[in-house]
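Have a look at the structure below, then the notes.
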Amino acid sequence: MNVAGFLAAQSLNALSQGAILFFIACGLTLIFGIMRIINFAHGGLFMLGAYVGYSTVAWTGSFWASLLFAPLVVGVVGGIFEKVLLARLYARQDSGAYLMVTFGLAIILAETIRLIWGPQPLSVPIPDRLRGIVLIGNQPFPIYRLFLIGMGSAAALLTWQFLERTRAGLLVRAVAQNAEMVHALGTDVSAVRTGVFALGCAMAALGGVLSAPLLTAFLGMGTNVIIDAFVIVIIGGMGSFLGSIIGSVLVAFVQVFGSYYFEDLALAMMYLLMLAILIVRPGGMLGKEE
Amino acid sequence: MKESTQTRLSRRTLVRAASAATAMLASPKLLRIAAAATPIKIGIPTVITGGYAVLGSHVMRTCKLVEKMMGAKGVLGRPIEFLYRDTQGNAADCVRKSQELVERDDCRLIAGVVVSSEARAIMPKLAEWKAFFISHGCGDGLLTTKEFLVPNFFRANTSAPMGARTLALYLKDAPEQNFIALGSDYAWGRSSVGAFEEQIKAVGKNLVDKVFTPVGNKDYSTYITKLIQSGAQGCYLALQGDEARSFFLQATQYELTKRLQLFTEIVAQADIRTFGKDAIGMLGSSRYAFTYDVPENKKFTQAFLAEYKEVPDWTDGEMYQALHILFAAIEKADSIEADKLVPAMENLEVSSVKGPILMRQCDHQGENQGFVVKVAASSKYPEPIPEIVKIYPREMITPDCLSTSYKTTG
């Protein structure tokens, strides 16, 4: 066995898995950071992204179109949901209400998807130019997974640039720190909240479209991934964008190498990591203790 | 006087006795006429939402078709009514929903349970509920062993050991010598891999490793690496539903089949449809193949195609068979009471969509034939279909009584 090749291939496996996890964890942490809402519907929005992606490919024949259209549709759905339902609950300052409403949305989304697309799994083919493998020290590695790593890296970089280098990003960070002050300065805070919620949903949808060729689009596909995403957000620190990147990569590495070397503990490894980090840093790696 | 009184009393007694006897003789008929209007309720606690929802949807569509095919004629002159409940594949929910069916709906015939752990959870309750449960798809071999079997449970379907046995017999003459097994880490996956290990060793081949993946696992990259590194020429797979589809999609992306041959315990039409042309060449045992050419199966397949415009999957075939057997037992018992159905079901033999089936008395396992299928392109259907390449007789495929093992190696 070529050890270097094996390690490189497994590391790439972890990075590709981390890329998918990042899309969902990033949206979750952005929404929590600015709105203090734990969005239980995020897994459902990830699933909706996969199904809209499937339909886009079926109608247009283009996987690339689905990468644009699915996040757009799901972003709009998320924006409407925030405006119509969540915005009415801000005055209550009751986190329990958000939990119930987003949990309800998750169930409604799952049932709506079942009614529209049916219970059968739906296959989203990989475009021809992303088919095939590269050999890394005699270990095959799919080109599509390299594409996932590229997409994840690009999304992380763009989001970081958006948050750090643009005026809109500055407003987002300001609202996260002190919404009342930003409002007093004449900024429409509710529009910022709606925009961030829609952006978070769109990122989850993008993750869903990118996952579909690996998993098919199927009912329940958001359930497992949302648990992983919550663990990532806790590890990285609630509301920390950089924390979500580090958390996604860490969790993916633990899952990949953990299931290889400690098969019987595969499920527990991620939670052991979370517990270890919380013991050392109760607010997560880059989060603040509140 | 005394005599006269005695005579009068006797007459009165006689009249009373005659009335009572007439009423007694007539009442079953009267009761039956009254009962004819009431449907026979069959409870279907199945997976409507969640990871195995596809299997549950197949159960329900077959029940609806059967209801339509039976029409008003029904069984014992009574129409059939199916009551569906969502268990989400969760054992605790399955117990709760089954109990609701029994206590609230007075429905004591249960079928359509998808997951083996759900079956294990409700089986100990059957006697208390006075309910009868027939399995159409629960594969865990242990369900019909001394440890778990209960009198009111019967399994009509091919179990995991039977699927593994079928493949192992087929692989006896295959060029591959070394195998690795990959199974889902729950009752059915463990049962299937355990049986395959025993059977493949019995035919003189090697199992170099066995790997279990957590339930609900979605990323198989690590496991695919393990399979490649094992040096095995063949891989036995005990995955189904979403897990099987995720694995096959990812295995195709890693071009795994260029390095080792995949053999699966269950070849499902839903998977074939999802993979399209990529499914061609897939080899495995089949619990039910719609291509099996017997009159009962032709009748079912034609009705199914007419109703749903697609071919039946393995769950459809197994569910149809389970209901067929249940109805035959009800007719034989002339009752839907569990205590009368059990003896009627024991040693019951029917010609089903899978050929001749015998419901064994000793462990309530249905003796099924073993089918090996290979997926091939079809000019008749819009998707590839499973072509039967070998059929093994039921005596060779069904394990020893109350066991998951086989005395003979085949």
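Picking from residues in region A:263-290 that are out of contact with any Gly (no Cβ under 8 Å at 6 or more places or on another chain) and within 11 Å of another protein chain (Cβ to nearest Cβ), the one that is nearest to A:Met151 (Cα to Cα) is A:Leu267.
In region B:95-128, how many residues are within 21 Å of B:Phe327 (Cβ to Cβ) and acidic (Asp, Glu)? Selection size over region B:95-128: 2.
Taking first residues from region B:37-53 that are touching a residue at least 60 places away in the same chain (Cβ under 8 Å) and within 14 Å of chain A (Cβ to nearest Cβ) and partners that are of a type outside the set (Lys, Arg) and open to solvent by 40 Å² or more (accessible area, probe 1.4 Å), the Cβ contacts under 8 Å between residues at least 6 apart in sequence or on separate chains come to B:Thr46/B:Tyr84; B:Val47/B:Gln88; B:Gly51/A:Thr223. Residues in region B:199-251 that are open to solvent by 10 Å² or more (accessible area, probe 1.4 Å), facing chain A (nearest Cβ under 9 Å) and β-branched (Val, Ile, Thr): B:Val215, B:Ile228.
Of the helices (runs of 4 or more DSSP H) lying entirely inside region A:1-98, not one is found with 3 or more residues being open to solvent by less than 60 Å² (accessible area, probe 1.4 Å) and on the phi > 0 side of the Ramachandran plot. Answer yes if at least one residue in region B:378-394 is under 13 Å from B:Gly163 (Cα atoms) and in a helix (DSSP H, G or I), and no otherwise. Looking for residues that are under 13 Å from B:Gly163 (Cα atoms) and in a helix (DSSP H, G or I), one finds at least one in region B:378-394, hence yes.
Each row is one residue, and each column tells you yes or no for (1) within 13 Å of another protein chain (Cβ to nearest Cβ); (2) closer than 18 Å to A:Gly78 by Cα; (3) without any contact (Cβ under 8 Å) to a residue 12 or more places away in the chain; (4) β-branched (Val, Ile, Thr).
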site	(1), (2), (3), (4)
A:Thr166	no, no, yes, yes
A:Gly169	no, no, yes, no
A:His183	no, no, yes, no
A:Thr187	no, no, no, yes
A:Thr194	no, yes, no, yes
A:Ala205	no, yes, no, no
A:Gly220	yes, no, no, no
A:Ile234	no, no, no, yes
A:Phe257	yes, no, no, no
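Looking across B:Glu265, B:Glu296, one residue alone is surrounded by 22 or more Cβ atoms within 10 Å (Cβ to Cβ) and either within 12 Å of chain A (Cβ to nearest Cβ) or not small (Gly, Ala, Ser) (or both). It is B:Glu265.
Can A:Val84 be described as of a type in the set (A, V, I, L, M, F, W, C) and closer than 29 Å to A:Ser190 by Cα? In short, yes.
Between A:Leu48, A:Leu68, A:Leu15, which is among the aliphatic types (A, V, I, L, M) and under 28 Å from B:Thr49 (Cβ atoms)? Reasoning before the result, please.
Values: A:Leu68 fails: under 28 Å from B:Thr49 (Cβ atoms); A:Leu15 fails: under 28 Å from B:Thr49 (Cβ atoms).
Result: A:Leu48 is the single residue among A:Leu48, A:Leu68, A:Leu15 that is among the aliphatic types (A, V, I, L, M) and under 28 Å from B:Thr49 (Cβ atoms).
Within region A:130-151, the only residue that satisfies the criterion of being more than 14 Å from every other protein chain (Cβ to nearest Cβ) and either in contact with a Ser or Thr (Cβ under 7 Å, 6 or more places away or on another chain) or buried (at least 18 other Cβ atoms within 10 Å of the Cβ) (or both) is A:Met151.
What do you reckon, is A:Thr216 in contact (Cβ under 8 Å) with a residue 24 or more places away in the chain and farther than 22 Å from A:Thr29 by Cβ? Spelling it out, A:Thr216 is indeed in contact (Cβ under 8 Å) with a residue 24 or more places away in the chain and farther than 22 Å from A:Thr29 by Cβ.
The values are calculated or read from the model by the stated rules, or taken from the named source; none is laboratory data. What you are looking at is a predicted structure, and each value in this text was computed from that prediction instead of being measured. All Cβ positions, even for glycine, are placed from backbone atoms using ideal geometry, and neighbour counts span all protein chains on display. Remember, those area values only see protein heavy atoms, side chains included, never the ligands or the DNA or RNA. Shrake-Rupley method; radii C 1.70, N 1.55, O 1.52, S 1.80 Å.
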